[in-house]
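Here is the structure we will look at.
The values are calculated or read from the model by the stated rules, or taken from the named source; none is laboratory data. Predicted model, so just to flag it, every value in this text is computed and none were measured. Backbone-built Cβ (ideal geometry, glycine too); neighbour counts: all protein chains shown.
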2 protein chains.
Amino acid sequence: MSTVLPTNRVDTIERLKSAGVTPTQQRVEIAQLLFARHQHVSAEQVLAMANAHSSVVSKATVYNTLGLFASKGLLREVIVDPTKVFYDSNTSEHHHFYNVDSGELMDIQGESVQLADLPELPAGTQAEGVDVIIRIKQTPNS
Amino acid sequence: MSTVLPTNRVDTIERLKSAGVTPTQQRVEIAQLLFARHQHVSAEQVLAMANAHSSVVSKATVYNTLGLFASKGLLREVIVDPTKVFYDSNTSEHHHFYNVDSGELMDIQGESVQLADLPELPAGTQAEGVDVIIRIKQTPNS
DNA sequence: GAGTAAATTAGACAAAGTCTAGAAATTCAC
DNA sequence: GTGAATTTCTAGACTTTGTCTAATTTACTC
Ligand SMILES: [Mn+2]
Ligand SMILES: [Mn+2]
Ligand SMILES: [Zn+2]
Ligand SMILES: [Zn+2]
């Protein structure tokens with residue numbers, strides 16, 4: 001089940017509104033970049049992408065916006081690299097391959113990973129989500 | 001299957017040697033702290049623990065040593081908090097609860113989490129490990 | 001348009017982690 | 001043992017990611 005991928009500004013604005021996010025100039029700019037396709041990007045990358053041609057968004061706003069989108073369920077944070085957070089524009093339930101050699105993060109398609117069932121949670125807690133990360137490396141060529 | 005927990009210096013030195021690590025003063029100090037029991041600690045915590053009474057290990061050596069131990073399989077790195085790496089003195093295969101409210105990391109005991117089977121890996125890669133993290137939060141008291 | 005609240009911004013700041021160059025300790029000839 | 005070579009340790013400068021602040025700009029509302 002893949003998230004809808006809007007391509008035009010009007011759809012993007014609609015999507016932000018539906019999530020309860022005021023569609024400012026900067027937020028729409030960032031949303032357009034991110035929602036164009038499923039991707040895993042860092043804040044630095046978003047900053048660079050947004051300001052590739054002319055300067056349109058500040059660093060503070062990029063961080064604010066990514067955090068806001070994540071809190072509204074428009075993006076998913078993936079913690080797998082100790083040096084930076086990945087923001088994932090694929091918000092459907094899925095898991096990841098992480099190539100420790102290249103630093104590349106890839107979606108695992110469909111239901112090919114499934115937990116048997118959740119273990120008993122510590123008292124007074126509830127599950128917020130389950131992350132499965134399969135760390136892979138290049139096979140050394142004999 | 002729990003890792004053996006040495007309590008005396010001689011055992012610790014033996015364990016380091018077996019792993020191919022020269023047992024220097026500082027490494028033994030850190031190993032004693034870490035291997036005393038299963039725990040999840042950050043580099044900052046190790047630095048503080050080691051130097052609690054008198055100053056015995058520098059920051060650089062703590063980072064060098066934790067990295068060395070991890071590379072030799074004496075410790076496991078757990079990436080779950082975007083602000084710091086956890087070092088896990090439980091090196092047996094196991095998964096984790098991560099309390100996003102408290103920042104606490106807990107082992108999931110035994111075989112209570114099991115992946116059905118690994119999905120097909122990207123061409124030219126091999127699995128290095130599988131991390132399952134169940135993010136939990138405090139249940140809001142009605 | 002005036003008033004208010006929300007959003008953006010530059011740049012200072014913080015925290016985790018790395019690097020460098022020298023000092024100290026250990027190991028190796030002889 | 002003595003001296004040389006190697007490994008380890010160290011202080012502190014530095015880098016990177018991310019946060020914060022205080023001022024400005026923008027967006028609503030009347
Ligand atoms: Mn880091
Ligand atoms: Mn960080
Ligand atoms: Zn993904
Ligand atoms: Zn653990």
(message) For region B:121-142, give me each residue that is closer than 17 Å to A:Gln109 by Cα and more than 7 Å from every other protein chain (Cβ to nearest Cβ).
(response) B:Ala123
(request) Mind listing whichever residues of region A:91-106 are more than 16 Å from B:Ala127 (Cβ to Cβ) and more than 16 Å from ligand 1 (Cβ to nearest atom)? (result) A:Thr91, A:Ser92, A:Glu93, A:His94
(request) With respect to B:Phe35, determine if the residue is among the aromatic types (Phe, Trp, Tyr), within 16 Å of ligand 4 (Cβ to nearest atom) and within 14 Å of chain A (Cβ to nearest Cβ). (result) no
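Against the definition (within 11 Å of another protein chain (Cβ to nearest Cβ) and either within 17 Å of B:Asp81 (Cα to Cα) or among the β-branched types (Val, Ile, Thr) (or both)), how does A:Asp101 come out, yes or no?
No: the conditions fail for A:Asp101.
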(message) Just to be sure I understand the filter: pairs with C-beta atoms under 6 Å, separated by 6 or more residues or on different chains, first member in region A:54-66 and within 14 Å of chain B (Cβ to nearest Cβ), second member within 16 Å of ligand 1 (Cβ to nearest atom). Which pairs pass?
(response) A:Tyr63/A:Ala43; A:Leu66/A:Ala43
(message) Going by what's in this entry, would A:Ile79 be described as over 14 Å from the mean Cα position of the chain (by Cα) and of a type in the set (A, V, I, L, M)?
(response) no
(request) Consider only pairs whose beta carbons are under 6 Å apart and that are at least six residues apart or on different chains; among these, list those whose first residue lies in region B:86-111 and is under 10 Å from B:Arg76 (Cβ atoms) and acidic (Asp, Glu) and whose second residue is assigned to a strand (DSSP E or B) and away from ligand 1 (no atom under 16 Å from the Cβ). (result) B:Asp88/B:His40; B:Asp88/B:Arg76
(request) Of all residues in region B:107-117, count the ones that are at the interface with chain A (Cβ under 7 Å from one of its Cβ atoms) and either surrounded by 12 or more Cβ atoms within 10 Å (Cβ to Cβ) or within 16 Å of ligand 1 (Cβ to nearest atom) (or both). (result) 5
(message) Can you tell me how many residues within region A:67-96 are farther than 13 Å from B:Pro82 by Cβ and either among the aromatic types (Phe, Trp, Tyr) or within 12 Å of chain B (Cβ to nearest Cβ) (or both)?
(response) 5
(message) Under 9 Å between Cβ atoms, which residue pairs at least 6 apart in sequence (or on different chains) link something in region B:72-85 that is in the same structural domain as B:Gln39 (by TED's automatic domain parsing) and on the phi > 0 side of the Ramachandran plot with a partner that is away from ligand 1 (no atom under 13 Å from the Cβ) and in a loop (DSSP other than H, G, I, E, B)?
(response) B:Gly73/B:Ala19; B:Gly73/B:Thr91
(request) Residues being buried (at least 17 other Cβ atoms within 10 Å of the Cβ) and more than 10 Å from DNA strand C (Cβ to nearest atom): count how many of those fall in region A:27-38. (result) 5
